[in-house]
Amino acid sequence: MATLPWTPTRTAAEVVAQGHEVADVVVMASRFDLRSYRDVPRFLLAALRIRRQMLAAPGCFGVSLIAKPLQKRFYTLSAWRNREALDGAVQRRPHVGTMTGFRSLMAASLFAAWTQPTTDLPPGWPEAIERLAPASAAGDG
């Protein structure tokens, strides 16, 4: 397992200093399971490109990635100023084109979103994976 640790883009204090009052952030966790091992290297490269995009996106507080290539599984974790910032980032390239291109290669894609206080950044992987688990238990993964 390879983990790219939490990489913050800005602190809550910086956001407040810019005139933005942020009491809570939107946290997004995702899990992607690929069908084939041959798609793992290409997906990892795409995930790294998207990670760079997200780190530069307005409203992003930080991101982390877990790659489990032997399981054909990838996890992402990010925090955002609000849902609008998150939605805006995922609708831009390379994210939107990459996810569309990989859709047919996925065995499963799971997502969980929640809010938490800005003071509790960064979000933790144990909670993120736990929040993704109910979707798995329901037969989606």
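The values are calculated or read from the model by the stated rules, or taken from the named source; none is laboratory data. All values reported here derive from a predicted model rather than from experimental measurement. Don't worry about glycine lacking a Cβ; one is built from the backbone with ideal geometry, like all the others, and counts go over all protein chains shown. In case anyone asks, the SASA skips ligands and DNA or RNA and just uses the protein heavy atoms, side chains included. Shrake-Rupley method; radii C 1.70, N 1.55, O 1.52, S 1.80 Å.
Remark: pairs (first residue in region 111-127, closer than 15 Å to ALA23 by Cα; second residue assigned to a helix (DSSP H, G or I) and β-branched (Val, Ile, Thr); Cβ separation under 8 Å; 6+ apart in sequence or on different chains) = THR118/VAL15. All conditions in (1) at pLDDT 90 or above; (2) surrounded by fewer than 18 Cβ atoms within 10 Å (Cβ to Cβ) hold for ALA107, with the sole exception of (1).
Checked against (1) touching a strand residue (DSSP E or B) at 6+ places or on another chain (Cβ under 9 Å); (2) within 26 Å of ARG10 (Cβ to Cβ), ARG35 passes all but condition (2).
Is it true that some residue in region 91-98 is modelled with pLDDT under 95 and in contact with a strand residue (DSSP E or B) (Cβ under 9 Å, 6 or more places away or on another chain)? There is no residue in region 91-98 that is modelled with pLDDT under 95 and in contact with a strand residue (DSSP E or B) (Cβ under 9 Å, 6 or more places away or on another chain). Within region 66-84, being farther than 21 Å from LEU4 by Cβ and either modelled with pLDDT of 95 or more or crowded, with 16+ Cβ neighbours inside 10 Å (or both) holds for one residue alone: ARG81. There is at least one residue in region 31-45 that is more than 18 Å from TRP114 (Cα to Cα), of a type in the set (D, E, K, R) and open to solvent by less than 20 Å² (accessible area, probe 1.4 Å). Residues that are of a type in the set (Val, Ile, Thr) and more than 12 Å from GLN71 (Cα to Cα) within region 31-61 comprise just one, ILE50. Can you say whether MET28 is in contact with a Cys (Cβ under 6 Å, 6 or more places away or on another chain), crowded, with 16+ Cβ neighbours inside 10 Å and of a type outside the set (Gly, Ala, Ser), as far as the supplied structure shows? Spelling it out, it is not the case that MET28 is in contact with a Cys (Cβ under 6 Å, 6 or more places away or on another chain), crowded, with 16+ Cβ neighbours inside 10 Å and of a type outside the set (Gly, Ala, Ser). Looking across region 51-65, the residues that are hydrophobic (A, V, I, L, M, F, W, C) and open to solvent by 20 Å² or more (accessible area, probe 1.4 Å) come down to LEU55, ALA56.
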